[in-house]
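See below for the structure under consideration.
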Amino acid sequence: MMGHTEKIWLSLLGFTLAGAWLAESGQAGWPLTLAVVFLICVKATLVIDHYMEMRFANTWIRAVLFGFVGMVALLVIVSHGWSELIRKLTTLG
Amino acid sequence: MLVEFLLLFSVYFIARAHNPEAFLIGPGRLATVAGTGITLLLLTSGCCLVKAVAAIRTDASGKAFAWILGGIVLGCGYPITKFFEIRWNIAHGIDGETGIFYSVYYYLTLNHLVHVSWGLMGLMWVAARTGLGSYSSTDYRGLEAAAVYWHTTDVLWLVIFSFFYVLR
């Protein structure tokens, strides 16, 4: 019988193959960006909570890890929809 | 490591904002199979480490040792795959000077590879300690710490994979 760890591992493999399929589809735009954000968040949550066992850890340590994932997800969205803002903020002169 | 990579990722976002065309075309020339293969290897290696920690909690150090060894073998698949991926890249005219997308790709992926190499050395150390019976169900902090480091490299790779092979 399949255990909890194996189910998490198989889910991670499944989400990875979904990402590979998206990569090969060659799409671009909001649907792809949001799909990528979803995949990053779901896969990172599975690794953080189930591989690293952070669901049993100190709330602050868990918050730091999820803060990192949230920051990356936010930056992916901003870099797609508001790249002009990033350009302005990072242009000298 | 997270703060370090958040800074490294800012390079990606800034370069992407200033060169949207390069980041739109760039992923199409990379070998998705290599990025996918590395992801599958790391996630499976991580699963072995979860099993190793679970085994040591029941004082099954022989089992834990076998799982760590499995994790190391699969983890070593990463640098091997990377070696063939870079060879493939070079054969297809992709090096660090091909364009901004590929410069950032080499910069981030090779940085990650360095961290994975440290992780592998850490795993070899805890494998030796486990083999020598240094860990038990009441003291396995060293093994747990190495496993958490290894899983952190997993999380970082999941992001890097999305940046260079999937996102356009």
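The values are calculated or read from the model by the stated rules, or taken from the named source; none is laboratory data. The structure displayed is predicted, hence computed values, not measured ones. A quick note on method: Cβ atoms are made from the backbone with ideal geometry, for glycine too, and the neighbour counts reach across all protein chains shown. Heads up: the accessible areas ignore ligands, DNA and RNA and are worked out on the full protein's heavy atoms, side chains in. Shrake-Rupley method; radii C 1.70, N 1.55, O 1.52, S 1.80 Å.
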Give segment A:23-36 a look and list any residue that's hydrophobic (A, V, I, L, M, F, W, C) and open to solvent by 20 Å² or more (accessible area, probe 1.4 Å), or say none.
A:Ala28, A:Trp30, A:Leu34, A:Ala35
Scan segment A:60-80 and report the pairs whose first residue is loosely packed, with under 15 Cβ neighbours inside 10 Å and whose second residue is assigned to a helix (DSSP H, G or I) and modelled with pLDDT under 95, with Cβ atoms within less than 6 Å and a gap of 6+ or a chain change.
none
Report, by residue number, each residue of segment B:1-26 that is within 19 Å of the chain's Cα centre (by Cα) and at the interface with chain A (Cβ under 7 Å from one of its Cβ atoms).
B:Leu2, B:Leu6, B:Phe9
Please enumerate the residues belonging to segment A:1-32 that are hydroxyl-bearing (Ser, Thr, Tyr) and more than 7 Å from chain B (Cβ to nearest Cβ).
A:Ser11, A:Ser25
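Quick one: which residue in A:Ala18, A:Ala44, A:Ala73 is part of a helix (DSSP H, G or I), modelled with pLDDT of 95 or more, small (Gly, Ala, Ser) and under 18 Å from B:Thr153 (Cβ atoms)? Working first, answer last.
Values: A:Ala18 fails: under 18 Å from B:Thr153 (Cβ atoms); A:Ala73 fails: under 18 Å from B:Thr153 (Cβ atoms).
Going through A:Ala18, A:Ala44, A:Ala73 in turn, just one is part of a helix (DSSP H, G or I), modelled with pLDDT of 95 or more, small (Gly, Ala, Ser) and under 18 Å from B:Thr153 (Cβ atoms): A:Ala44.
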Within segment B:51-75, restricting to residues that are without any contact (Cβ under 8 Å) to a residue 40 or more places away in the chain and of a type in the set (Lys, Arg), the one that is surrounded by the fewest Cβ atoms within 10 Å (Cβ to Cβ) is B:Lys63
Taking segment B:123-138 and keeping residues of a type outside the set (A, V, I, L, M), in contact (Cβ under 8 Å) with a residue 24 or more places away in the chain and surrounded by fewer than 21 Cβ atoms within 10 Å (Cβ to Cβ) leaves B:Gly131, B:Gly133, B:Ser136, B:Ser137
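I'd like to know if segment A:39-48 contains one or more residues that are without any contact (Cβ under 8 Å) to a residue 24 or more places away in the chain, open to solvent by 40 Å² or more (accessible area, probe 1.4 Å) and not small (Gly, Ala, Ser).
No, segment A:39-48 has no match at all.
Mind telling me which of the residues A:Ile40, A:Ile86 ends up being within 7 Å of chain B (Cβ to nearest Cβ), of a type outside the set (S, T, N, Q) and over 24 Å from B:Thr36 (Cα atoms)? Even if it seems obvious, please write down each step before you answer.
Values: A:Ile40 fails: over 24 Å from B:Thr36 (Cα atoms).
From the options A:Ile40, A:Ile86, the qualifying one is A:Ile86.
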Just to be sure I understand, how many residues within segment B:85-117 are loosely packed, with under 15 Cβ neighbours inside 10 Å and without any contact (Cβ under 8 Å) to a residue 24 or more places away in the chain?
9
Considering residues that are open to solvent by 20 Å² or more (accessible area, probe 1.4 Å), farther than 16 Å from B:Leu24 by Cα and within 8 Å of chain A (Cβ to nearest Cβ), the number found within segment B:141-168 is 1
Candidate set from segment B:1-50 (those that are farther than 19 Å from B:His115 by Cα, in contact (Cβ under 8 Å) with a residue 60 or more places away in the chain and aliphatic (A, V, I, L, M)); member that is surrounded by the fewest Cβ atoms within 10 Å (Cβ to Cβ)
B:Ile25
